[in-house]
Amino acid sequence: QVQLVESGGGLVQPGGSLRLSCAASGSDFSAYTMGWYRQAPGEQRVLVAGITTLGITHYEDSVMGRFAISRDNAKKTVYLQMNSLKPEDTAVYYCNRNIPWWTWGQGTQVTVSS
């Protein structure tokens, strides 16, 4: 059974940066496209960034040019570098593979506020 553990969230001022990490134990991590999702209060969980097994990345329009997803297959870890953060980036952030998803982790809270 795959376990996903996200970390790196916190409180940051607008314009600041954070780097999220997600470790995936118990999986053939390198065989899957991975993604970062976020869920704001009262909203659905949405995909904001993805990275294929070949390292091809894609981003949701609102984070394009500010966020960067990367992966380290040896460490079974996916990262999300978030720069120029805005209050609307406030959400719980989760990682997962592409559909069909593994069981979701607990996520990591990102709060952007002055």
Item to check | Subset tally (residues that are at pLDDT below 95 and either touching a strand residue (DSSP E or B) at 6+ places or on another chain (Cβ under 8 Å) or open to solvent by less than 20 Å² (accessible area, probe 1.4 Å) (or both)) for the stretch 92-102 | outcome: 2
Checklist entry - Restricted to the stretch 61-76, and to residues that are assigned to a loop (DSSP other than H, G, I, E, B) and of a type in the set (Gly, Ala, Ser), which residue is farthest from Ala40 (Cα to Cα)? => result Ala74
Item to check | Boolean, Ser21 is within 12 Å of the chain's Cα centre (by Cα), polar (S, T, N, Q) and under 18 Å from Gln3 (Cβ atoms) | outcome: yes
Next on the checklist: If a residue must be under 18 Å from His58 (Cβ atoms) and among the aromatic types (Phe, Trp, Tyr), how many such residues does the stretch 68-114 contain?
Outcome noted: 4
Checklist entry - Quick check, is Gly9 farther than 20 Å from Val92 by Cα and at pLDDT 95 or above? => result no
Checklist entry - Considering the stretch 65-91 alone, what residues qualify as being open to solvent by less than 40 Å² (accessible area, probe 1.4 Å) and farther than 17 Å from Ala23 by Cβ? => result Arg66, Phe67, Met82, Leu85, Asp89, Thr90, Ala91
Checklist outcome for this item: When Met34 is run through (1) touching a residue at least 12 places away in the same chain (Cβ under 8 Å); (2) closer than 15 Å to Gly8 by Cβ, the failure sits at (2)
Item to check | Filtered residues of the stretch 77-114 (kept if under 13 Å from the mean Cα position of the chain (by Cα), of a type in the set (D, E, K, R) and not in a strand (DSSP E or B)) | outcome: Asp89
Item to check | Every residue from the stretch 15-60 that is of a type in the set (Gly, Ala, Ser), part of a strand (DSSP E or B) and open to solvent by less than 20 Å² (accessible area, probe 1.4 Å) | outcome: Ala24, Gly35, Ala49, Gly50
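The values are calculated or read from the model by the stated rules, or taken from the named source; none is laboratory data. As the structure is a computational prediction, the values presented were derived from the model and not from experiment. Virtual Cβ from ideal backbone geometry, glycine too; neighbours counted across all protein chains shown. Side chains included, ligands, DNA and RNA excluded: accessible areas come from the protein's heavy atoms. Shrake-Rupley method; radii C 1.70, N 1.55, O 1.52, S 1.80 Å.
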